1. For the chain, build the charge dipole from Cβ charges (+1 Lys, Arg; -1 Asp, Glu) around the Cα centre, then report which of Ser236, Ala186, Leu51 sits farthest towards its positive end.
2. Can you tell me, using C-alpha contacts under 8 Å and at least 6 residues apart, the relative contact order of the chain as a whole percent?
3. Taking the Cα centre of each part, how many Å lie between the stretch 119-137 and the stretch 154-210?
4. For the stretch 125-189, what % of the accessible area comes from carbon and sulfur atoms, probe 1.4 Å?
5. Under the rule of -39500 (n - 2.57) per DSSP H run of 4 or more residues, summed and divided by the residues of the chain, what mean residue ellipticity at 222 nm is obtained, to the nearest 500 deg cm²/dmol?
6. What do you reckon, how do Tyr144, Tyr67 stack up by accessible area (1.4 Å probe), largest on top?
7. Only four residue types carry charge here, +1 at the Cβ of Lys and Arg and -1 at the Cβ of Asp and Glu. Report the dipole size of the chain about the Cα centre in Debye, rounded to the nearest 20.
8. Ignoring ligands, DNA and RNA, how do Arg152, Arg88 rank by accessible area with a 1.4 Å probe, largest first?
Amino acid sequence: MSGMDVTGYLARLGLDPEPPSLAALRRLHAAHVERVPYEALETQLGRPTPLDPPASLARILRGRGGYCYHLNGAFSALLHALGYQVTRHLGGVQGSAADAPNVDRNHLALTVTGLPDAPEVAWLVDVGLGDGPHEPLPLREGTYVQGPHTYRLRPSEVAPGGWRFEHDPAGSFTGMDFAPGVAEMADFAEKHAWLSTAPESGFVRVCVVQRRDAEGVDSLRARTLDRHGVKELIESPGEWWAAAGDVFGIPAAQFTAAERERLWRQCVAQHEAHVGGRGSEVVPSA
């Protein structure tokens, strides 16, 4: 990713440049999930987004976020520019226990290897899982606690040589498998198009915004704002956009008045469908 604005990206994360290390990687990961929201507002507006990391980076620098292809795509480019050995992988997120483990390319996963102070350890580095890990996880079978969530890592049963991440039971999805090989951004193009446009896609069905910090998760799902487990029903478009800005850092000024009104109407309809038992506000699987 030649010509990448590393300085601007680090400024967005509130960090200074530093050589690769485990501590530096942890700072990068934590800052990313805290400051760059998981969101797909363009999809809600019928505007499919480009898949390439430069476009994702440009949106991040404007104060926006994205879902896994955008967030992990741009973050992997940043890590590479900073000197990390980072690899992209084909992944598959399962939204519920009824979904069989798979690697259907609805997720872009990342690993980092060769850290100077931990050369023998590979790390799962994933800033695109919404309410997923706050910091990198070592690719060693075991159980890991971060804030209120307990995760499990083990070898994948559906991707030989790959790994399975099992979310906390309180999380928004059940797990994620990823394959060991190297993936290119083009490998996700078909699935990205489906997730961006298909009526069955979670990103089309429900408006979800999330951010993670050391203590827990903030989420805005249709009209429901959940601050670390404390829920509040948003009553007006003004309140909705205030939450988008104050909690998730999404600038309302980047949307026209018509777009803001459209998003609010859709959130109202999604909420009514959910409480009426006609639908489910499931966090999208990417």
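1. Going by the charge dipole, the pick is Ser236.
2. About 20 percent, as a whole number.
3. Spelled out, the Cα-based centre of one part sits 14 Å from the other.
4. Percent of accessible area from carbon and sulfur atoms in the stretch 125-189: 51.
5. Computed mean residue ellipticity for the chain: -9500 deg cm²/dmol.
6. Values: Tyr144 45, Tyr67 0 Å².
Descending order: Tyr144, Tyr67.
7. Numbers: 26 positive and 35 negative charges, 79 e Å.
Once rounded to the nearest 20, the dipole reads 380 debye.
8. Of Arg152, Arg88, the descending order of accessible area is Arg152, Arg88.
The values are calculated or read from the model by the stated rules, or taken from the named source; none is laboratory data. Since we're looking at a predicted model, the values are computed, not measured. Methodologically, a virtual Cβ is constructed for each residue, glycine included, from the backbone with ideal geometry; neighbour enumeration extends over all protein chains shown. For accessibility, only protein heavy atoms count, side chains too; no ligands or nucleic acids. Shrake-Rupley method; radii C 1.70, N 1.55, O 1.52, S 1.80 Å.
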